[in-house]
Amino acid sequence: MTHTFQKYTSIIVVAIIVISAGIYFLTKDGGSSIDFVIALKADLIQEVSVTGRVKPSESVDLAFEGSGRVSRANISIGDIVSKGELLIQLQNGQITAELAKAKANVKLQAAKLEELKRGPTQEEIEVQKVKVESAKAQLVEAKRNLVVKINDAFTKSDDAVRNNVDQFINNPLSSDPQIAFQVINSSLESSIENSRVSIESILDTWQDSVDILTLESDFEEVVDDAKQNLSDVKAFLNDVSLAVNTLTASANYSQATIDGYRSDVSTARTNVNTALSNLSAAEEKLQTAESSVILEKQELSLKTAGTRVEQITAQEAKVEEAEALVRSKQAEIDKTYLFAPINGVVTLQEAKVGEIITAREIIVTLISQAEFEIEAKVPEADIAKIKIGDIARVTLDAYGSDIEFIASVVSIDPAETIIEGVATYKTVLYFTDMDNRIRSGMTANIDIKTAEKDNVISIPSRAVITKNGKRTVRILDTQNNVVEIEVVTGLRSSEGYIEIIDGIKEGDKVIVFLEE
């Protein structure tokens, strides 16, 4: 590779000598002086020259993603470590326990999946049949209990009205019952007497319903009717209670008689409220029993039909979820270990056993033992010329300009770095061959070959004039008259020459200086 660059350097030198030899001077009438060159074909090489600094090709700052307490610190500054070697460890006992629990859950979910795939056994089907029969028996018992509570509700309502209240109502079974004592509130008295007529009708109808009640009856309708009847009786008793509580002792009613009325009405109200509560509880028990029968029958159908694909798919998802949790916990544990990502030397070690480490705090730095690179800052004016893979000649200040090393461009930072107001781009080059003379920190002078053209028409760059966005050159025609010609330019070399693609031809006299 060094030989190749020496070849390129020789070509540049020869081209310069050939072109420079073509410079002529012409003095025309009137004393004007003209410097011109002969347009010749030559080889052009474009280079970008920058300076940089040698650094290890790998320098790594290491930190933990999370915080924690240091449990192990296996290294010290200056230690040589191998890639994959454990450097620092944080305490991870709690996460380890959570990982074990997560692994146990994977086994549990996997076992359930296998059970679903295998399907129910005949023994399990028989067990489920027993559950169905048990649910049916509980349903019958719930119905019997509800029949008892409905009968009890009727009995308590009948007793409350026909015994507890009717003792102070005259002609209670007639169409015109009358309260035996004077009620201060005439409206209340009228309401009680009218309600007694309707309550009698309710009790008679309810009696007929209770007499024909069986386990096969429509309990939803029967319960609704019973609740309504209890509510009506309850409202009637509330009014009666108001009337009795306003009664005072007189010649016709002793205080003992009044207290008896009040006690009987209070008992009647309590019994009706209890009956309503018991009826609601019995109804709820029946609904629960009915639901249980339905669920157990469905479960028997599922077991008889075998496992559905949807069930297996759902359980597979649970297994995957459990496995994902294991991976998550394992990842958390992995983050409590700091391993060496490269072979290298420890240059920074800030961790101490027992110390709490903050997340993303750099605690270890490694540099590689060999394989150096060069980091350079390329100005924005030149960065467009450089590409990955370009070859460069490098000299190090430590050894002078006579000793050259070869490197190649391996990366160009897309983001700019502002240095003294100028945008630059970090460019990294690798040395092609290892050399024991190369040391970290050395200053490097870099000439990056960005392009080359062989055997093209070339003239000094200063001969090209730019006006109104167009590029022109002035030449001398065969009568030595100055003629301006538009040209198309190409590659510009690092030595001050430029390629002419179109406009002039080889041998033309191109003016580089004209003194009027």
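In whole Å, largest first, what are the principal axis extents of the Cα atoms in segment 162-253?
55, 20, 19
Using the Cα gyration tensor of segment 329-486, with a ≥ b ≥ c the square roots of its eigenvalues, what is the shape: rounded (a/c below 1.5), prolate (a/b larger than b/c) or oblate (neither)? Walk me through the numbers before you get to the answer.
Numbers: a/c = 3.75, a/b = 2.47, b/c = 1.52.
Prolate is the answer for segment 329-486, as a/c is 1.5 or above and a/b outweighs b/c.
Does segment 269-358 come out rounded, prolate or oblate by the C-alpha gyration tensor, with a ≥ b ≥ c the root eigenvalues, rounded set by a/c under 1.5 and, if not, prolate when a/b is larger than b/c and oblate if not? Write out the running numbers ahead of the final one.
On the way: a/c = 10.69, a/b = 2.30, b/c = 4.65.
Note, shape of segment 269-358 comes out oblate.
Per residue, how many Å² of accessible area does the chain show with a 1.4 Å probe?
Per-residue value: 55 Å².
Considering only Cα-Cα distances, which of the following residue pairs are longer than 32 Å: 449/505; 385/467; 103/129; 83/377?
103/129
Collect residues whose amide H, placed 1.01 Å from N in the peptide plane, falls under 5 Å from the amide H of residue 68; neighbours closer than 5 in sequence don't count.
357
Within 9 Å, Cβ to Cβ, of residue 341, how many net charges do the neighbouring residues add up to if Lys/Arg are +1 and Asp/Glu are -1?
So the environment of residue 341 carries a net charge of 0.
Need the full-extension length gain, residue 251 to residue 384, defined as separation in residues times 0.36 nm minus the C-alpha distance. One decimal, nm. Walk me through the intermediate numbers first.
On the way: separation 133, 0.36 × 133 = 47.88 nm, distance 12.34 nm.
Between residue 251 and residue 384, full extension yields 35.5 nm more.
Give me the distance between the Cα centres of segment 50-73 and segment 472-516, rounded to whole Å.
Going from one Cα centre to the other spans 56 Å.
Starting with the highest mean, order 115-128, 94-107 by the number of other Cβ atoms within 10 Å, averaged over the residues of each peptide. Walk me through the intermediate numbers first.
Values: 115-128: 12.7, 94-107: 14.7.
Ranked from most to least packed, the peptides come out as 94-107, 115-128.
If you take the charge dipole of segment 313-379 about its Cα centre, with +1 on Lys and Arg Cβ and -1 on Asp and Glu Cβ, which of 366, 351, 333 is farthest toward its positive end?
Toward the positive end, the furthest listed residue is 351.
Give the long-range amide H neighbours of residue 424: residues separated by 5 or more places, or on another chain, with amide H under 5 Å away, using H modelled in the peptide plane at 1.01 Å from N.
It is 417, 418, 419, by chain and number.
How large, in percent, is the carbon and sulfur part of the accessible surface of the chain at a probe radius of 1.4 Å?
The computed percentage sits at 49.
Can you sort 174, 57 by 1.4 Å-probe accessible area, starting with the largest?
Largest accessible area first, the list is 174, 57.
Name the shape class, rounded, prolate or oblate, that the alpha-carbon gyration tensor gives for the chain, where a ≥ b ≥ c are the square roots of its eigenvalues, rounded holds for a/c under 1.5, and otherwise prolate holds if a/b is larger than b/c and oblate otherwise.
The shape class here is prolate.
Can you list residues whose amide H is under 5 Å from residue 512's amide H, if they're 5+ apart or on another chain and H is modeled 1.01 Å from N?
35, 36, 37
Which distance in Å, rounded to a whole number, links the C-alpha centroids of segment 301-326 and segment 184-254?
58
What is the local net charge at residue 425, summed over the other residues whose Cβ is closer than 13 Å to its Cβ (Lys, Arg +1; Asp, Glu -1)?
-1
I want the local charge near residue 129. Using Cβ-Cβ distances under 12 Å, sum +1 for each Lys or Arg and -1 for each Asp or Glu among the other residues.
Its environment carries a net charge of -2.
To the nearest whole percent, what portion of all C-alpha pairs in segment 449-516 is separated by more than 16 angstrom?
Details: 1037 of 2278 pairs.
Everything past 16 Å amounts to 46 percent.
Where in the chain are the DSSP H helices whose alpha-carbon span along the long axis reaches 20 Å or more and whose Kyte-Doolittle mean is at least -0.5?
Correct list, ordered by number: 2-20, 93-118, 186-211, 219-245, 255-305.
Highest mean first, how do 475-484, 499-508, 45-54 rank when packing is the count of other Cβ atoms within 10 Å averaged over residues?
Descending mean neighbour count gives 45-54, 499-508, 475-484.
Mind putting a number on the dipole of segment 419-516 about its Cα centre? Charges go on the C-beta only, +1 for Lys and Arg and -1 for Asp and Glu, and I need it in Debye to the nearest 20.
Working: 13 positive and 16 negative charges, 70 e Å.
With Lys and Arg at +1 and Asp and Glu at -1, about 340 debye.
Dipole of the chain, Cα-centred, from +1 at each Lys and Arg C-beta and -1 at each Asp and Glu C-beta, to the nearest 20 debye?
Computed charge dipole of the chain: roughly 1760 debye.
Report, ordered by chain and residue number, the aspartates and glutamates lying within cross-link reach of residue 112, taken as a straight Cα distance under 12 Å and ignoring same-chain residues fewer than 8 apart.
Of all the aspartates and glutamates, those that pass the test against residue 112 - Cα under 12 Å, at least 8 places apart if same chain - are 316.
Pick out, from 265, 469, 138, the residue whose Cα sits farthest towards the positive end of the charge dipole of the chain, with +1 on the Cβ of Lys and Arg and -1 on the Cβ of Asp and Glu.
With unit charges placed on the Cβ atoms, the residue in question is 469.
Dipole of segment 295-444, Cα-centred, from +1 at each Lys and Arg C-beta and -1 at each Asp and Glu C-beta, to the nearest 20 debye?
440
Would you please put 64-71, 151-158 in order of how densely packed they are, using the mean number of other Cβ atoms within 10 angstrom per residue and starting with the highest? Mind dumping the intermediate values first?
Numbers: 64-71: 15.8, 151-158: 19.4.
The peptides rank, most packed first, as 151-158, 64-71.
Work out the charge dipole of the chain with +1 on the Cβ of Lys and Arg and -1 on the Cβ of Asp and Glu about the Cα centre, then indicate which of 383, 34, 456 is farthest towards its positive end.
Sorting the options by dipole projection puts first 34.
The values are calculated or read from the model by the stated rules, or taken from the named source; none is laboratory data. If you're wondering where the values come from, they're calculated on a predicted model, not measured in any experiment. All Cβ positions, even for glycine, are placed from backbone atoms using ideal geometry, and neighbour counts span all protein chains on display. Protein only, heavy atoms only, side chains kept; ligands, DNA and RNA dropped before computing areas. Shrake-Rupley method; radii C 1.70, N 1.55, O 1.52, S 1.80 Å.
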